[in-house]
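What follows is calculated from the coordinates using simple rules that are stated; it is not laboratory data. All values reported here derive from a predicted model rather than from experimental measurement. Cβ coordinates were reconstructed from backbone atoms using ideal geometry, including for glycine residues, and neighbour counts include every protein chain displayed.
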Amino acid sequence: MAEPGIRASGYEIKEHVVQADWKTVLNTADTVSEYGATVDARNGELEAFLEFRSPAPEDPGEGPLAGLPVAVKDNIAVRDFRLTCGSKLLEQFESPYDATAVAQLKEAGARIVGKTSLDEFGMGSATDTSTLSATRNPWDLSRTAGGSSGGSAAAVASGMVPVALGSDTGGSVRQPASFCGVYGLKPTYGAVSRFGLVAYASSLDTIGVVADTPQRLESVFSVIAGSDEKDQTSVDIRSMQVRETPGLKALTVGVLAPDTADDPAVQQAVRDVETYLQSQGANTERVNLPVLEYAAAVYYTIATAEAGANLARFDGVRYGERPLYAENPDELVRLSRSTGLGDEVKLRILLGTYVLRSGFHDQYYGRAQRLRARISRDMQDLFTRVDVLVSPVFPTLAFPLGSDGLTPYQRKQADRYTTVANLAGVPALALPTGVYDGLPGGVQLTGPKGGDFGLIRLAKVLAGVFPPPTPPNYPRVWS
Amino acid sequence: MGDTELSITAALAKLDLSDEEQTRFADEVKRMLQYFDLMADADIDSGAEADVPVRPVTALRDDVLSRFCDADALIDRGPEIEDRYIVIPNVL
């Protein structure tokens with residue numbers, strides 16, 4: 001059951017923060033000190049940050065995001081911060097440059113305060129394949145914050161920062177955002193430059209935004225969206241021909257038919273949004289997506305194949321940890337990778353190498369690429385009939401850490417709702433709808449390519465009815 | 001995937017697997033490949049004409065030389081540096 005009291009309380013706090021002039025917040029030694037102490041204490045139990053540095057009070061910045069403290073997932077380059085990717089292999093590696101998205105945030109006056117925890121190289125659903133830390137959920141410390149951007153989601157949900165960058169290859173922004181009760185946007189593929197994002201699966205990777213409110217998500221996304229000569233797949237979505245998302249009365253909404261195997265709270269969240277939209281005059285229709293049956297299989301075939309190629313660069317010569325001695329160059333590479341990479345990464349590299357091998361290519365990778373084309377076409381067809389698709393984010397709410405939770409295999413199967421958007425290159429946004437038996441739940445909005453701002457506008461409308469919740473101990477450090 | 005196939009794949013991926021890892025990964029890889037078999041029954045012809053990911057226009061930049069913003073900082077991040085060369089362990 002939803003708990004309106006908690007939601008209302010949280011909304012009041014966050015509305016205050018939204019309206020804050022960030023140039024006048026955290027601009028004295030005292031407030032910065034209080035902020036740093038609060039983050040230190042909270043991070044001790046959550047392990048959301050791998051690295052945190054309090055902002056300089058004398059340098060609030062200039063621009064539309066002046067003074068805004070931002071956290072960045074630790075597979076995105078920030079100059080002079082470490083860039084570990086949650087891997088022992090890169091534990092001491094420090095970035096010599098800024099990712100384009102980070103440079104744009106700094107240019108807009110934002111202050112990067114730290115790097116957040118993640119599954120190793122973004123490969124996981126619970127931030128527990130990291131070899132450096134396992135982030136816990138601010139709503140229940142025995143549960144996962146989700147993954148792979150679990151550190152970013154937990155940092156925002158716990159009030160340590162109002163906004164964070166994450167990366168989303170198969171749901172890695174949306175699933176942790178939903179598990180933690182905050183907003184998470186996976187943009188249209190190419191809408192945000194990938195320069196400075198450590199590649200996992202290049203045709204699926206996106207830099208996304210995790211935020212406490214849809215307003216803040218919009219303000220940050222507006223700054224980082226755009227084409228970039230350093231990323232040839234980048235595109236300015238503002239120049240794309242996209243049908244304007246209409247008001248609620250003229251809105252046509254596809255609602256994914258519920259899967260009764262999903263957690264009842266997950267099904268309830270979709271029904272809640274459907275009922276509200278109907279009450280406002282929107283035209284809703286139940287839709288089936290047959291591609292969901294094999295979307296995760298297609299995703300893991302393609303993602304692991306690309307991962308195998310992308311992670312070949314970690315050979316012990318140019319980056320990170322390596323043995324002191326090797327008999328020959330080949331042994332140097334094998335020892336570096338075998339001792340530096342974790343189990344989940346090795347598994348995916350093995351899978352990706354296998355599906356690309358001569359004799360197996362057509363059976364796996366070739367077939368997956370053709371099915372990806374079909375998924376892309378099915379989504380294009382869908383968005384000729386509806387303006388937006390409402391669906392679950394994940395079949396469960398935040399699951400327990402450890403052996404009581406989902407197995408790695410179950411987690412991969414459960415990625416079916418999120419991977420479709422990555423395979424089709426379309427935008428998708430996870431938003432909270434309430435608190436269900438003590439844990440946040442929500443839905444996913446998916447739109448046509450270039451329809452990112454339309455999704456954000458709808459999320460803003462829905463935030464008025466389903467205010468973003470806040471967990472226990474949400475701090476008022478900025479008040 | 002049998003032990004031999006796994007060993008060949010690991011060698012191609014430049015990974016050394018211990019006996020324990022060999023056993024564990026064999027099970028996990030086998031399970032995932034069985035999952036991938038879901039794709040075997042799906043219709044792969046009806047979407048062949050669809051464009052896959054993204055861009056509306058080709059985006060090839062001019063083929064001109066440009067210097068990385070801070071090449072020295074990039075080189076300095078190498079594990080061991082000597083006169084702008086990256087030193088690797090003795091491998092002979």
Checklist entry - Rounded to the nearest 500 deg cm²/dmol, what is the calculated helix-only ellipticity per residue at 222 nm for the protein assembly as shown, with -39500 (n - 2.57) per DSSP H run of length n ≥ 4? => result -11500 deg cm²/dmol
Checklist entry - How large are Rg and Dmax for the stretch A:58-154 when only the alpha carbon atoms are used, in Å? => result 14.1, 40
Checklist entry - Once both labels are modelled 7 Å past Cα along the beta-carbon direction, what's the A:Thr24-A:Gln280 spacing in nm? => result 3.2 nm
Checklist entry - Using the C-alpha atoms of chain A, what convex hull volume per residue, in cubic angstrom, is computed? => result 137 Å³
Next on the checklist: Neighbour counts of other C-beta atoms within 10 Å: give me A:Val192, A:Val78 arranged from fewest to most.
Outcome noted: A:Val78, A:Val192
Next on the checklist: Could you tell me the ratio Rg/Rh of the stretch A:242-351? Both radii from Cα atoms, Rh via Kirkwood.
Outcome noted: 1.29
Checklist entry - For B:Glu5 and A:Glu293, what does the FRET efficiency come to when R0 = 30 Å and r is the distance between their Cβ atoms, rounded to the nearest 0.05? => result 0.65
Next on the checklist: Residue by residue through B:3-11, how many Cβ atoms from other chains fall within 10 Å of the Cβ on average?
Outcome noted: 3
Item to check | Isotropically averaged projected area of the stretch A:141-220, using the convex hull of Cα atoms (one quarter of hull area), nm² | outcome: 5.0 nm²
Item to check | Average other protein chain Cβ within 10 Å of Cβ, residues B:79-90 | outcome: 3
Checklist entry - Which whole-Hz couplings ³J(HN,Hα) result when phi for each residue of the stretch A:29-44 is put into the Karplus expression 6.51 cos²θ - 1.76 cosθ + 1.60, θ = phi - 60°, listed in order with x for Gly and Pro? => result 4, 5, 5, 5, 5, 5, 4, x, 5, 5, 5, 4, 5, 5, 5, x
Item to check | lysines with Cα under 25 Å of A:Lys23, excluding same-chain neighbours fewer than 8 positions away | outcome: A:Lys14, A:Lys73, A:Lys106, A:Lys115, A:Lys460
Checklist outcome for this item: Computed on Cα atoms, Rg of the stretch A:28-68 relative to 2.2 N^0.38 Å comes out at 1.30
Checklist outcome for this item: Residue separation between A:Arg243 and A:Asp40 times 0.36 nm, minus their alpha-carbon distance, gives in nm 68.5 nm
Next on the checklist: Please give the Cα centre distance for the stretch A:24-53 versus the stretch A:286-339, rounded to the nearest Å.
Outcome noted: 35 Å
Checklist entry - Taking θ as phi - 60°, what are the ³J(HN,Hα) couplings along the stretch A:383-399 by the Karplus curve (6.51, -1.76, 1.60), each to the nearest whole Hz, with x for Gly and Pro? => result 7, 7, 9, 10, 7, 8, 10, 9, 8, x, 8, 8, x, 10, 7, 3, 8
Checklist entry - How would you rank A:393-404, A:414-425, A:115-126, highest first, on the average number of other Cβ atoms within 10 Å across their residues? => result A:115-126, A:414-425, A:393-404
